[in-house]
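The values are calculated or read from the model by the stated rules, or taken from the named source; none is laboratory data. Note that the structure is predicted; figures quoted are calculated from it, not measured. So basically every Cβ, Gly included, is an ideal-geometry build from the backbone, and we count neighbours across all protein chains shown. The protein model used for the area step is the full one, side chains on, heavy atoms only, and it has no ligands, DNA or RNA in it. Shrake-Rupley method; radii C 1.70, N 1.55, O 1.52, S 1.80 Å.
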Number of protein chains: 2
Amino acid sequence: MITSEFKLIESIRKKVNLLQNGSENIFGIGDDCAVYRISDDRYGLFSTDISVENVHFNLDYTSLSDAGYRSMAANVSDIYAMGGKPVLALVSIGIPPQYTEQMIDELYDGILTCALKHGTFIAGGDTSKSDKLVVNISIYGETCRPVYRKGAEAGDRIYVTGNTGLSKLGLEILNKNACRDNFPKSVEKHLRPDPRIDLISPIVNEYHPTAMIDISDGLLIDLGHICEMSHCGFEIYIDNVPADDELEGFCAEKKIAASDYTLYSGEEYELIFTAKKDIKDNEHIRYIGNVTASGYILIKGDSQITIEPAGYDHFR
Amino acid sequence: MITSEFKLIESIRKKVNLLQNGSENIFGIGDDCAVYRISDDRYGLFSTDISVENVHFNLDYTSLSDAGYRSMAANVSDIYAMGGKPVLALVSIGIPPQYTEQMIDELYDGILTCALKHGTFIAGGDTSKSDKLVVNISIYGETCRPVYRKGAEAGDRIYVTGNTGLSKLGLEILNKNACRDNFPKSVEKHLRPDPRIDLISPIVNEYHPTAMIDISDGLLIDLGHICEMSHCGFEIYIDNVPADDELEGFCAEKKIAASDYTLYSGEEYELIFTAKKDIKDNEHIRYIGNVTASGYILIKGDSQITIEPAGYDHFR
């Protein structure tokens, strides 16, 4: 039995690296995308994501259109996480026997709506029969300067885009079959996440990030990925981590800390990046802490605790 | 219920084309690969293939290593079919709950063996839980001159590489649980097909193909795809279509025509191409007929019949 997706991927990676001699033009193994040098100032970015019914989405409360939208959003976000813009995507679908063409049409509606919004051309794909619905999207993007996970250095400042936590709350609302209308932003964020197309140019061109990742597993876990690859640590000011009013309201009523959501919520598709530059807090970008030499530290007021990042693992 | 994969793909294609305005740099929709113009004499080729347990492979007689090998071979073959060379691939795996790391290791052995043989770098991937084993491989290759399905013209000559038919016979042997040792080449061709890495350079550089495709559905059906895209027909001299001795021996004993296999066997990963050039028959390339203005005709001795191509459809 496979108990951890992270351990499995690590063991696959070791095997692949052992047998392949590396390539002088391909980088980024273990990053959000594989990076391929086309020429000195032009890089291709490649990523793939498999989404399986009942693992990544539950069709009891996720429409086929939403399932398609989310699958494409996860891919687009991987390209942004490397500082790139998407160019094209290929879509493979495993289709259960009872499905109709109308249902596949709905799924494609979601895929295409997201693709069009993010300037991604659906250039091909494949279909097969399958017991459960499977959507695998592979995406290709480009950048003149890839941003890896590995470039953070002690002293760099840590920033996050938008706010985090809503996706986890949205999932809980949907799972509990609670009234969606009371949590419109949370449910929307979970079902139709919108990767930050609006922020890629300013981040890459004005803020010169030293490392970047998108939040798919949760803020702490994904920041942990940056630190692992950069051989460094972090300190995060919990109260700086932005939360939406809808989440604040829910947490106040339940008398729980918003950070239970903001730090751990996955599938947010917001960006975390590190930079030397001192960026003034604004509507879209917030300073939340610093890169340190080692250790993972959370700071709240005068107290601080050391943690081990741990997050969502599809095999658990 | 979806009754035809071809019709489904056609309806998806229509929808996608309707909503997307086309792209001045992306071509090849409906071909073996999507084609992306990197610069005037450099093109990226993209393809993806989903393989699902019990649809594309049966683990009763296919080892995990063979299943991995075949999945990669199908992808590599798509790149060759466009006149390109593979560069890198991404591998997504849906893993059943009872699987061990050792089993995934075996699967990757097959994937990597095929990838290394064909100069393809495994640059990334994704994993998920799944009820049945799912392997989705996306591949990227390059060429300076893509060969499409659409360029054939009446009067062009039709060529096929190697020989065809063994894969279908191999599948029958395996399905019937007959003695593999009597049909070693057929079983090998089915389980470990080898796309024609050896012939790509001569075909593209010396023979200047007007159209090309790889045989994944069957010689007649795939040639039909060329004719559909090129708005033309074909005439095939059945006796010219090459068959291996192992297939000839089997057919002679059973008193059946070898063409029952050579014309319909899928997953051969040999190439069919059309060209103006008169190429002398050799060990690897055989002249089998001509492109005509319209109609699909099979010629045997003095008699000829008109046919409708029909081939393997995973949804039937």
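Tally the residues that are out of contact with any helix residue (DSSP H, G or I) (no Cβ under 7 Å at 6 or more places or on another chain) and farther than 15 Å from B:Pro146 by Cα, restricting the search to the range B:198-215.
Step one: filter the range B:198-215 for residues out of contact with any helix residue (DSSP H, G or I) (no Cβ under 7 Å at 6 or more places or on another chain), giving B:198-199, B:201-208, B:210.
Of the ones still in play, those that are also farther than 15 Å from B:Pro146 by Cα are B:198-199.
Residues meeting the conditions: 2.
So, in the range A:231-245, how many residues would count as being outside any loop (DSSP other than H, G, I, E, B) and surrounded by fewer than 21 Cβ atoms within 10 Å (Cβ to Cβ)?
Narrowing the range A:231-245 to residues outside any loop (DSSP other than H, G, I, E, B): A:233-240, A:245.
Among the residues that remain, those that are also surrounded by fewer than 21 Cβ atoms within 10 Å (Cβ to Cβ) are: A:233, A:235, A:237-240, A:245.
Going through the range A:231-245 one residue at a time, the tally reaches 7.
Taking A:Ile173, is it touching a residue at least 24 places away in the same chain (Cβ under 8 Å) and out of contact with any Asp or Glu (no Cβ under 7 Å at 6 or more places or on another chain)?
Details: touching a residue at least 24 places away in the same chain (Cβ under 8 Å): no; out of contact with any Asp or Glu (no Cβ under 7 Å at 6 or more places or on another chain): yes.
No.
Residue check: is A:Lys189 open to solvent by 10 Å² or more (accessible area, probe 1.4 Å), among the basic types (Lys, Arg) and touching a helix residue (DSSP H, G or I) at 6+ places or on another chain (Cβ under 9 Å)?
Values: open to solvent by 10 Å² or more (accessible area, probe 1.4 Å): yes; among the basic types (Lys, Arg): yes; touching a helix residue (DSSP H, G or I) at 6+ places or on another chain (Cβ under 9 Å): yes.
Here the answer is yes, as A:Lys189 does meet what is asked.
Scan (1) away from chain A (no Cβ under 12 Å); (2) closer than 19 Å to B:Tyr207 by Cα for the single condition B:Met82 breaks and write down its number.
(1)
Kindly provide the set of residues from the range A:97-118 that are in contact (Cβ under 8 Å) with a residue 40 or more places away in the chain and more than 7 Å from every other protein chain (Cβ to nearest Cβ), ordered by number.
Those that are in contact (Cβ under 8 Å) with a residue 40 or more places away in the chain and more than 7 Å from every other protein chain (Cβ to nearest Cβ): A:Glu106, A:Leu107, A:Asp109, A:Gly110, A:Ile111, A:Thr113, A:Cys114, A:Ala115, A:Lys117, A:His118.
Tally up the residues in the range A:119-128 that are surrounded by fewer than 23 Cβ atoms within 10 Å (Cβ to Cβ) and more than 9 Å from chain B (Cβ to nearest Cβ), please.
Of the residues in that region, 1 qualify.
Spot the failing condition for A:Asp214; the list is (1) charged (D, E, K, R); (2) more than 26 Å from A:Ile297 (Cβ to Cβ); (3) at pLDDT 95 or above, and only one is missed.
Condition not satisfied by A:Asp214: (2).
Check off (1) over 24 Å from A:Gly30 (Cβ atoms); (2) of a type in the set (Val, Ile, Thr); (3) more than 7 Å from chain B (Cβ to nearest Cβ) for A:Val76 and give me the number that stays unchecked.
It is condition (1) that A:Val76 fails.
Mind listing just one residue for me: the one in the range A:1-45 that is small (Gly, Ala, Ser) and touching a strand residue (DSSP E or B) at 6+ places or on another chain (Cβ under 9 Å) and, of those, nearest to A:Met229 (Cα to Cα)?
A:Gly30
Looking only at the range B:27-43, which residues are modelled with pLDDT of 90 or more, surrounded by fewer than 24 Cβ atoms within 10 Å (Cβ to Cβ) and of a type in the set (Gly, Ala, Ser)?
B:Ser39
Out of everything in the range A:33-43 that is more than 9 Å from every other protein chain (Cβ to nearest Cβ) and of a type in the set (D, E, K, R), what residue ends up being nearest to A:Arg145 (Cα to Cα)? Outline the logic, then answer.
From the range A:33-43, those more than 9 Å from every other protein chain (Cβ to nearest Cβ) are A:37, A:40-41, A:43; that's our starting set.
Okay, now just the ones that are also of a type in the set (D, E, K, R), so A:37, A:40-41.
Working: A:Arg37: 10, A:Asp40: 10, A:Asp41: 7 Å.
Top of the filtered list is A:Asp41.
Can you name the residue in the range B:63-82 that is under 19 Å from the mean Cα position of the chain (by Cα) and open to solvent by 10 Å² or more (accessible area, probe 1.4 Å) and is also farthest from A:Val135 (Cα to Cα) among such residues?
From the range B:63-82, those under 19 Å from the mean Cα position of the chain (by Cα) are B:66-82; that's our starting set.
So of that shortlist, the ones also open to solvent by 10 Å² or more (accessible area, probe 1.4 Å) come out as B:66, B:70, B:74, B:78.
Numbers: B:Asp66: 24, B:Arg70: 21, B:Ala74: 19, B:Asp78: 21 Å.
Filtering first and then ranking leaves B:Asp66.
Take the range B:200-215 and flag every residue that is open to solvent by 10 Å² or more (accessible area, probe 1.4 Å) and within 16 Å of the chain's Cα centre (by Cα).
Within the range B:200-215, none qualify.
How many residues does the range A:1-26 contain that are among the hydrophobic types (A, V, I, L, M, F, W, C), within 9 Å of chain B (Cβ to nearest Cβ) and surrounded by fewer than 19 Cβ atoms within 10 Å (Cβ to Cβ)? Walk me through how you get there before you give the answer.
Step one: of the range A:1-26, the residues among the hydrophobic types (A, V, I, L, M, F, W, C) are A:1-2, A:6, A:8-9, A:12, A:16, A:18-19, A:26.
Subsequent filtering for residues that are within 9 Å of chain B (Cβ to nearest Cβ) retains A:1-2, A:8-9, A:12, A:16, A:19, A:26.
From what's left, surrounded by fewer than 19 Cβ atoms within 10 Å (Cβ to Cβ): A:1, A:9, A:19.
Total satisfying the criteria: 3.
If you go through the range B:141-152 one residue at a time, do you hit one that is among the acidic types (Asp, Glu), under 21 Å from B:Lys280 (Cβ atoms) and out of contact with any Asp or Glu (no Cβ under 9 Å at 6 or more places or on another chain)? Before you say what the answer is, go through the steps one by one.
Looking only at the range B:141-152, we keep the residues that are among the acidic types (Asp, Glu), and these are B:142.
Among the residues that remain, those that are also under 21 Å from B:Lys280 (Cβ atoms) are: none.
Among the residues of the range B:141-152, not one is among the acidic types (Asp, Glu), under 21 Å from B:Lys280 (Cβ atoms) and out of contact with any Asp or Glu (no Cβ under 9 Å at 6 or more places or on another chain), which makes the answer no.
Search the range B:44-62 for residues being open to solvent by 20 Å² or more (accessible area, probe 1.4 Å) and farther than 24 Å from B:Leu223 by Cα, and hand back the single one that is farthest from the other protein chains (Cβ to nearest Cβ).
We begin by selecting, within the range B:44-62, every residue open to solvent by 20 Å² or more (accessible area, probe 1.4 Å); these are B:49, B:53-56, B:58-61.
Those left that are additionally farther than 24 Å from B:Leu223 by Cα: B:53-54, B:58-61.
Working: B:Glu53: 9, B:Asn54: 9, B:Asn58: 14, B:Leu59: 15, B:Asp60: 17, B:Tyr61: 20 Å.
Across the range B:44-62, the extreme among qualifying residues is B:Tyr61.
Against the definition (touching a Lys or Arg at 6+ places or on another chain (Cβ under 8 Å) and within 27 Å of A:His208 (Cα to Cα)), how does A:Gly141 come out, yes or no?
Working: touching a Lys or Arg at 6+ places or on another chain (Cβ under 8 Å): yes; within 27 Å of A:His208 (Cα to Cα): yes.
Judged against the criteria, A:Gly141 is a match.
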